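The values are calculated or read from the model by the stated rules, or taken from the named source; none is laboratory data. The shown structure was predicted, so the numbers you read here are calculated from the model rather than taken from an experiment. We work out accessible area using only protein heavy atoms, side chains counted, and drop any ligands, DNA or RNA first. Shrake-Rupley method; radii C 1.70, N 1.55, O 1.52, S 1.80 Å.
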Amino acid sequence: MEIRRTPIEHPSAWRGIDVADDPAWRIELGPAEVGEIEQALAGVQRRGLCAGAFAADDFPLPTVETILQRCRDDVLAGRGFVLLRGLPVEGHDLETIRMLYWGIGLRLGTPVTQNLAGDLMAEITDRGLDVNALNVKPSQTNAEQRPHSDPADMVALLCVRRPESGGLSRIASSLAIYNEILAHHPDYLDVL
């Protein structure tokens with residue numbers, strides 16, 4: 001296998017300092033979009049459908065679809081991430097939020113399993129478990145999640161409640177990391 005030895009020039013080869021002040025990756029839903037989502041949510045609820053049991057056509061989002069397509073394009077072909085704010089989670093129970101998340105997610109891609117149990121959606125919440133215990137994942141505890149990558153083309157996270165403390169997410173561009181290694185320690189490329 002040949003190892004690349006030239007810098008990667010692509011929007012997804014960003015550094016935090018390069019994108020921190022760029023508002024393009026922050027997308028805020030307005031009242032009309034929120035209303036459209038609430039209407040789609042009410043439709044699946046009236047029909048007795050639950051998360052995982054309905055298709056995108058069952059959750060019509062004619063206006064929001066364009067925004068979600070932009071999000072999808074930015075993630076898959078642009079900088080690799082977006083922050084979508086304003087999803088209407090306040091006042092809804094967890095099952096209703098799962099339906100909302102499922103309906104939105106169907107516009108972003110095809111759901112794949114999140115774990116060995118085959119879950120298509122997984123909750124990251126402190127269940128009071130010991131992170132050092134057998135078969136306990138850090139996402140079930142209050143322990144810090146170590147940097148990792150998930151085996152999917154896209155990952156979406158939805159914050160349901162603001163935590164009392166912690167709960168920060170961090171992302172990094174693996175392409176920018178490659179560029180830094182190439183620039184400062186090219187001898188590491190063979191090992192990596």
* Can you pull the accessible area of T113 for me, 1.4 Å probe, Å² to the nearest 10? -> 80 Å²
* Keeping all protein chains in position, work out how much accessible area T6 exposes to a 1.4 Å probe, and write it in Å² to the nearest 10. => 80 Å²
* Asked: To the nearest 10 square angstrom, what accessible area does S173 show with a 1.4 Å probe?
  -> 10 Å²
* To do: Compare R79, R170 by solvent-accessible area with a 1.4 Å probe and give them largest first, with all protein chains kept in place.
  => R170, R79
* Asked: Of V89, V82, which has the most accessible area with a 1.4 Å probe, and how do the rest follow in descending order?
  -> V82, V89
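For E65, E9, what's the largest-to-smallest order of accessible area, 1.4 Å probe?
Result, largest first: E9, E65.
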* To do: Could you work out the equivalent-ellipsoid semi-axes for the chain, taking the square root of 5 times each eigenvalue of the Cα gyration tensor, largest first, in whole Å?
  => 33, 23, 16
